[in-house]
Amino acid sequence: MDTKSVIQDIPISGKVKKRTTGIIGLNLLLDGGFPEGTLIMIYGTPVAGVDLAANQFWKAEGGEEGTYLMNEGDVDVGMIDATEMHPDLYMTQMAGKRIVVDSLSTIIVKYGIEVALKFLRYAREDMRNRNANLLFVVYTGIHQPIEMTRVMRAADVVIEFKTEITQADISRTLAVQKIKDSAAPQRLLPFIITDRGIEASTTSRVV
């Protein structure tokens, strides 16, 4: 991991303590990172980079332990294979401050939206009680609009990963659509996908 992506969790008087996202440009856009004790929804297509962003959050430096619950795709070293695990059991596995569920989409498809929202309600209380963060992945194009709306309402932070393809280019940007108790940044954050993961620009443009 590029050491430039590390921002220390330093309490600032009068401000909510933040936890680094693992992506330096996103840290800067969010004035330090994700507010502690929040649920973070990241969504986009399967090739938009959401899985890379989830992995970078989980592995972000700073000495914090975390849990990556993988219920689809390949299970890498350190991850928990949750393929056959009911969401009611996730809470017993969620150790550390950086929790990732990849993906909530699988829970919705396999168990239904009510089970997914029940899990998020319990997870929110747990995250707030121990100043941890839960980041969950949602894939676009497979859920009903009402399901997406309900999941977004349950999240404290919502980030969309956008991909635009032209004849000669692939353009990727992040859009922070919602952030708890704050105004969402009115800027898009350009990023590229490299062999080291997501590298976001430290400058951004107005939407």
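The values are calculated or read from the model by the stated rules, or taken from the named source; none is laboratory data. What you see is a predicted model; the values in this text were computed from it and never measured. Heads up, the Cβs are rebuilt from the backbone with ideal geometry, glycines too, and the neighbour counts pull from every protein chain shown.
Some notes on this structure:
- Unique residue being more than 19 Å from G22 (Cα to Cα) and either without any contact (Cβ under 8 Å) to a residue 40 or more places away in the chain or crowded, with 17+ Cβ neighbours inside 10 Å (or both) when the list is A132, A200, A175, A123: A123
- Cβ-Cβ under 6 Å pairs, at least 6 apart or on other chains, the range 21-40 side under 19 Å from E65 (Cβ atoms) and touching a residue at least 60 places away in the same chain (Cβ under 8 Å), far side part of a loop (DSSP other than H, G, I, E, B) and basic (K, R): E36/K17; T38/K180
- Residues of the range 37-61 satisfying the condition of being in a loop (DSSP other than H, G, I, E, B), touching a Gly at 6+ places or on another chain (Cβ under 9 Å) and buried (at least 21 other Cβ atoms within 10 Å of the Cβ): G49, A60
- Checking each residue in the range 138-152 for being within 22 Å of V47 (Cβ to Cβ) and among the aliphatic types (A, V, I, L, M) picks out V138, I142, M148, V151, M152.
- The number of residues in the range 95-120 being buried (at least 22 other Cβ atoms within 10 Å of the Cβ), farther than 23 Å from I146 by Cα and not basic (K, R) comes to 2.
- For the range 21-59, the tally of residues that are over 16 Å from G73 (Cβ atoms) and either among the β-branched types (V, I, T) or in contact with a helix residue (DSSP H, G or I) (Cβ under 6 Å, 6 or more places away or on another chain) (or both) stands at 9.
- Qualifying residue in the range 91-107 (condition: more than 28 Å from K18 (Cα to Cα) and small (G, A, S)): no
- Those residues of the range 142-177 which are closer than 14 Å to D31 by Cα and either of a type in the set (F, W, Y) or out of contact with any Phe, Trp or Tyr (no Cβ under 9 Å at 6 or more places or on another chain) (or both), in sequence order: V176
- Options I159, I146, I170; residue that is surrounded by fewer than 13 Cβ atoms within 10 Å (Cβ to Cβ) and either basic (K, R) or at pLDDT 95 or above (or both): I146
- Residue within the range 162-172 that is touching a residue at least 24 places away in the same chain (Cβ under 8 Å), of a type outside the set (K, R) and touching a Leu at 6+ places or on another chain (Cβ under 6 Å) present: no
- Only one of the numbered conditions (1) under 14 Å from the mean Cα position of the chain (by Cα); (2) part of a helix (DSSP H, G or I); (3) buried (at least 20 other Cβ atoms within 10 Å of the Cβ) is violated by M152, and that is (3).
- From the options T45, T3, residue that is within 21 Å of I192 (Cβ to Cβ) and at pLDDT below 95: T3
- Condition met for I159 (β-branched (V, I, T) and outside any strand (DSSP E or B)): no
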